[in-house]
1. Listed residues 28, 24; which is crowded, with 22+ Cβ neighbours inside 10 Å and either among the hydroxyl-bearing types (Ser, Thr, Tyr) or assigned by TED's automatic domain parsing to the domain that holds residue 187 (or both)?
2. Which of the residues belonging to segment 33-90 are over 30 Å from residue 245 (Cβ atoms) and either among the aliphatic types (A, V, I, L, M) or touching a Phe, Trp or Tyr at 6+ places or on another chain (Cβ under 6 Å) (or both)?
3. Based on what the data block shows, is residue 124 modelled with pLDDT of 95 or more, surrounded by fewer than 17 Cβ atoms within 10 Å (Cβ to Cβ) and polar (S, T, N, Q)?
4. Look through 50, 84 and report the one residue that is under 18 Å from the mean Cα position of the chain (by Cα), at pLDDT 95 or above and either of a type outside the set (A, V, I, L, M, F, W, C) or surrounded by fewer than 21 Cβ atoms within 10 Å (Cβ to Cβ) (or both).
5. Take the residues of segment 68-78 that are farther than 10 Å from residue 43 by Cα and in a strand (DSSP E or B): which is modelled with the lowest pLDDT?
6. Any idea which residue in segment 163-184 is farthest from residue 208 (Cα to Cα), counting only those that are assigned to a strand (DSSP E or B) and not charged (D, E, K, R)?
7. Please pick out the residue among 225, 206 that is touching a helix residue (DSSP H, G or I) at 6+ places or on another chain (Cβ under 7 Å) and not in a helix (DSSP H, G or I).
8. Take segment 53-64 and flag every residue that is within 24 Å of the chain's Cα centre (by Cα) and in a loop (DSSP other than H, G, I, E, B).
Amino acid sequence: MSREITISVGVVTYNHEKYIEQCLEGILMQKVDFNYEIILGEDDSTDNTRAICQKYAQQYPDKIRLFLRSREDVIYINGNPTGRYNFIENLKQCKGKYMALCEGDDYWTDPLKLQKQVDFLEANPDYAICFHEAKIEWAQQKKYNEIVLNSDFPWNAMSPEKDVYDISDVIKGSFMATASVVFRRELLPSLPTWFKEVQSGDMALYALITGNLKIKFLNEIMCIYRRHEKGVSRTHRHNSILINRILLLKHIDKHYRGAYRGLIVETANSYISKLTKLSLKELISLWQLKLTSNIVEFKHIINLTKKKIKDR
């Protein structure tokens, strides 16, 4: 008789030899009154990560389902290899009513994390996602370790007093550490083709899931978000990140049929204002991404593009 899975924990890992054991131990230490599974996707690492994953899968066959991916399937975004294929395939394997995420270089610190978040979502059906506070740990610059309130989080400038969010907050930018999130699997749609093109996969996923439901913030530190020099946010060019984020906004705008057009345009313009020394290729990309024909900032981009082409 198969057991019912309440929550699936998706773990994607690649070259996390130094971190993956701590990640898995943080999940395995969870004290819960329900069944959970770990969907572990190993992306054909060049270090000892795969062997460590295989060891844990053998030790915990009742908890860990290990999937060994191939680098031949890697999805490139902005010319850079990503773990998106591994992530998407992990999502397909999840069986739980709820889903949690923890990348292989992050880890959980509270053994009651899953119980607290599942209890909240069980009692509050009008919420799509429950997330909590995170502590940032610099893997190579320990002197920068700090407790980070939401107002200081590296991705946003939101008030730490706020405990309820919605789709409008998601549109403004990422504010949830991946390892802190639990969401309802039933809300996960068939992922659109553009999910393989956008760099901010977490923001895209939360935008697709949230809809007209709410997001709950628990003001407790229950995980570590590890930052290091090889992290995605530090290996992609600044302009490329912002331009790709505008692409994501365009897809969100289409997904919600213009319901949040004003906010999306405002957010896109805030990204444009941060762009510096654009190449011709980047200018053309922005020109092609215009959300509406009457945005002053996009008209400015079009004029710059024309001028740059003429000057050539």
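The values are calculated or read from the model by the stated rules, or taken from the named source; none is laboratory data. It should be emphasised that the depicted structure is a prediction, and the values quoted were computed from it without experimental measurement. Ideal geometry is used to build each Cβ from the backbone, glycine not excepted, and the neighbour counts take in all protein chains shown.
1. 24
2. 38, 51, 52, 57, 64, 66, 68
3. Yes: the conditions hold for residue 124.
4. Result of the check over 50, 84: 84.
5. The residue in question is 77.
6. Checked segment 163-184; the qualifying residue farthest from residue 208 (Cα to Cα) is 164.
7. Being touching a helix residue (DSSP H, G or I) at 6+ places or on another chain (Cβ under 7 Å) and not in a helix (DSSP H, G or I) holds for just one of 225, 206, which is 225.
8. Selection gives 63 alone.
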